[in-house]
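A.B. asks: I'd like to ask some things about the structure below.
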Amino acid sequence: MSNSKIKYVKVHGFTGRGANAKEAKQDAIRQIESLNQGHWEPTIIEWRGHSVLVFRGLNGWQSTFLRHDVNDVLTIRGYAMGDGSYREAVASAQRHVADLGFLPGEEPIDTFPDFLTDEGQRKDLIFTRKWRMEYKTLVDKGFSDIDARRILSRTSGNTTSAEEVRSTS
């Protein structure tokens, strides 16, 4: 079906699409009915003072960072859209909180909250943490942002360390 033949129909704020108006309306109704599937219970992921609220909206599961100010007023800090599943939104929130709560130089690089059990996410975070630590070392030694990124792009994923590149630059 080419784009010129696609029909769009709006039903109670939902836009359906189809080969004709009837199919487009059925698509919009299907979207509305899908709101009754699954649950709507929000989840808060917390670790070391960092919190993310995972909640369901009309377009799927979403997340936002939470912050308590000095008066203990809860505020939203940032916003991330999501069309994914509850599981995907929670996994993303867990990864963000585990990343933000890490204390570089004060603990082993493989320190994670108990809830972060996915081995792939752990490996990804270790890689990210190593990259950030090497980046900081390069910048602290006087390399510009762009030069530090270039050095790290040459060393990421291979056996040459940033230290070896620094000594030959």
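The values are calculated or read from the model by the stated rules, or taken from the named source; none is laboratory data. Fair warning: this is a prediction, and the values are worked out from it, not measured in the lab. Glycine gets a Cβ as well: all are built from the backbone with ideal geometry, and neighbour counts include every protein chain shown.
A.B. asks: Checking the conditions here, which among GLY142, GLY78, GLY57 is surrounded by fewer than 15 Cβ atoms within 10 Å (Cβ to Cβ) and either of a type in the set (Phe, Trp, Tyr) or at pLDDT 95 or above (or both)?
C.D. replies: Only one candidate passes the filter, namely GLY142.
A.B. asks: Filtering the stretch 24-71 down to residues that are in a strand (DSSP E or B) and aliphatic (A, V, I, L, M), which residue is farthest from HIS12 (Cα to Cα)?
C.D. replies: For the stretch 24-71, the residue satisfying everything is ILE45.
A.B. asks: Restricting the search to the stretch 28-54, which residues are of a type in the set (Gly, Ala, Ser), at positive phi and surrounded by 11 or more Cβ atoms within 10 Å (Cβ to Cβ)?
C.D. replies: Across the stretch 28-54, the qualifying residue is only GLY38.
A.B. asks: Would you please name the residue that is nearest to the chain's Cα centre (by Cα), looking only at residues in the stretch 5-14 that are over 12 Å from ILE29 (Cβ atoms) and surrounded by 12 or more Cβ atoms within 10 Å (Cβ to Cβ)?
C.D. replies: TYR8
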